[in-house]
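Just below is one structure, and these are the notes that go with it.
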Amino acid sequence: MPQRSTNRFIFIWLFAFLPLIAVFVFRKSFNLGLYGDDWQHLYNLWRDFFVYHTKSFYDIRSYLNPYWPEYFYLGIINHFWGYYPPAYFIASYLSRLFANISLYFFTFELTGSKLAAILSTIIFLFSAAGLQTTDWVFNMNTYAGLGLLSLASVFYLKIRKLNTIYSFNYILFIMTFILALAIVPTRMHGAVPFLIIVDLFLTFVAEKSQFKINRFLLIRIIMTILVFVLLLHLKSFGEGSFTTDRLSESSQILQKINHKGYYAIWFYFLGILGHLVLPDSISLDNFTSVIFLTNGISIILGIIVSWLFSKGKSLLFYLPILIFNFIWTLILGWIVSINPNPLYTLNPYLPSDVLFSIALGGQFIFWSIWLSILSGKSSPQLSSSLIISLIWIIMMTIIYWLFTPYYLIETTSRYMLMGATGIAIFLGSFVSLLFFQTVSLQKNEKTRILSSFYLLLAIFILLFWIFTNFQRSQTYLGILEQTRNRELTEKTWNTLLKDVPKLDPIGPSVFYFTTDNPLSLQGVLVFGFFMRAGMTYKIPDQDLTPLPSTDYQELLSYVTDGSPLQKVHGRKPLPVPLSRIYAFDFRNGVLINITTAVRNKLTEDLKTLNK
């Protein structure tokens, strides 16, 4: 295809087809209602900017905190569209689109392949990993930060090629990198290590430069670190103890877990990688299936793919594949013997599913390294990109394992979004490698049939991955659309406000809920209740905001001694009078006022307790 036609196709793909397909993929999110922490940030925005005026939209210090950048874009959306949910979800969609388009330029700069770059955008588009970033809509800054980090990485790779500091690319890198870190500091702990390690890898491994001091390399590294130090000084990453306290806490937990013999926890980071490689909805029934199927496919696929790069080499060439899978089988067998999931209450996965994710994670690391070695001579840039994608995934994901090493993060978790980018680059590069090798086979009449097989293999791998991720994402968004859609959410809150138009301002009220659908109740009312109610009833004092309860015994404690109040921001444990108790039954999507009946029951129970 001529260069001009190729560029036209890429432009149409990025700015026409990609947005349209993204609308289809994320269409269900446009029908969701705001909930949970969305309301926490909107409540804090209202209190700090409009009631107490402790922050200002025109003061940069109002955004320099791990959880304050949200105020900037939430304030803009709120100013023009109020609390209209589609406005927030459309903004999230546009932010993700920006991240996706930026990923194209990063992948292209990294690989030098337009095919790999386009494939990476397709893969990221359909990825279920990190999808919670969309439905926890205040997290849209993660998409924006990811897009800016991709652009910053592009400019960093460009300045690597320069032997001068007099280039506008330096300024562009500093600007985009500062913005990336400042917009979403909670997801950028690994950004600085990523750039430094990649630079060292490209310099001393990929390019095989001599191990001597390179002043331009030092300038790049120092410049990257200084950006981080600047934002650290400005408290963009929080107080000094923000990260260290969490790491210290997780270290203590690890020691206790280790003491109990739960050694499988040490492999959970591999399990997290496994949940990036394939959605956690894919499972195998038993340990035997996991061990023999994953290792068996790895050996067969390894030999088939390796042949493409090793035509005519001896059988010894394939020995690393056999050795790795033999050792990995032994390790997986040992994990089975010590129970892969000793903390089922924290990780609601079957032990075989946990083992499957660990198996995939180990295989992914091996394949990243092995494929890079295989393709080093024929496609050096694509070869390097496989290792760089692995570095990205590890650097941008490992912090969440360090924070909660006992927890196997689910595929759709918001903490997985950064890792999803690395998977997109890896898979785009891998499929491109297969395609380019297939083209070389096509040139020889004797291997044309074989080339068709490899082409079908590349297409199958890509389509299988897209299908499984699309299915996982649509199931996830479909459940949310059923349980907390905008119509249901607004109808329910309108009913509640009609029945309880005002609250006693002297102290906190308590709303008791019963239901036949706990998941929907949680999404529509309970999660984020006190923040939304605080805004709705115009209560800026957090200690006076109304609280939800779904446990009658807890409700009884509220009216007897007020002890549950201590669990919410350490409120004073004062008994809540019956006049501030409200009750509703949420059934079949309808909210029914049962306040009188519940108050009568509480009165009888209080009499019984006082006898």
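A short reminder: the numbers here are calculations on the coordinates, not readings from a lab. As the structure is a computational prediction, the values presented were derived from the model and not from experiment. Cβ sites come from the backbone with ideal geometry, for glycine too, and all protein chains shown count toward neighbours.
Miscellaneous remarks
- Loop-located trypsin sites (Lys or Arg not before Pro) in the range 166-260 (DSSP state not H, G, I, E or B) with no more than 13 neighbouring Cβ atoms inside 10 Å: LYS208, LYS212, LYS260.
- When PHE513, PHE460 are sorted by how many other C-beta atoms sit within 10 angstrom of their C-beta, beginning with the fewest, the order is PHE460, PHE513.
- Residues SER413, SER473, sorted so that the one with the fewest Cβ neighbours within 10 Å comes first: SER413, SER473
- Taking the Kirkwood radius as Rh and the Cα radius of gyration as Rg, the range 401-495 has a ratio of Rg/Rh equal to 1.23.
- Too-long pairs where the Cα-Cα distance tops 22 Å, listed order kept, from LYS55/LYS235; LYS572/LYS611; LYS491/LYS538; LYS28/LYS114: LYS572/LYS611; LYS28/LYS114
- Coarse-grained scattering of the range 1-68 at q = 0.17 Å⁻¹, given as base-10 log I(q)/I(0) from a Debye sum over alpha-carbon atoms: -0.77
- Under 17 Å, Cα to Cα: Lys pairs in the range 241-463, sequence gap 8 or more or different chains: 4
- Each of HIS41, HIS259 was scored by other Cβ atoms within 10 Å of its Cβ. Arranged with the fewest first, they read HIS259, HIS41.
- Among 119-130, 291-302, sorting by the average number of other beta carbon atoms lying within 10 angstrom of each residue, highest first, gives 119-130, 291-302.
- Kyte-Doolittle at least 0.0, axis length at least 24 Å by Cα - qualifying DSSP helices, the chain: 85-111, 140-160, 215-233, 287-310, 319-337, 351-374, 380-403, 417-442, 448-483
- All-pairs Cα distance distribution in the chain, expressed in whole percent, bin size 20 Å: 17, 48, 28, 7, 0
- Tail weight of P(r) past 25 Å, computed on alpha-carbon pairs of the range 241-463, percent: 45
- Both radii were evaluated on the Cα set of the range 3-233; the Rg over Rh quotient, with Rh as the Kirkwood radius, amounts to 1.01.
- In the chain, the sites counted are GluC sites (Glu not before Pro) in DSSP loop states with at most 14 other Cβ atoms within 10 Å, and the longest stretch holding none of them, exclusive of the sites, is 240-611.
- Fully extending the segment from SER251 to THR447, taken as 0.36 nm per residue of separation minus the present Cα-Cα distance, adds 65.0 nm.
- Our summary gives the range 241-463 a relative contact order of 28 percent, counting only alpha carbon pairs under 8 angstrom and 6 or more residues apart.
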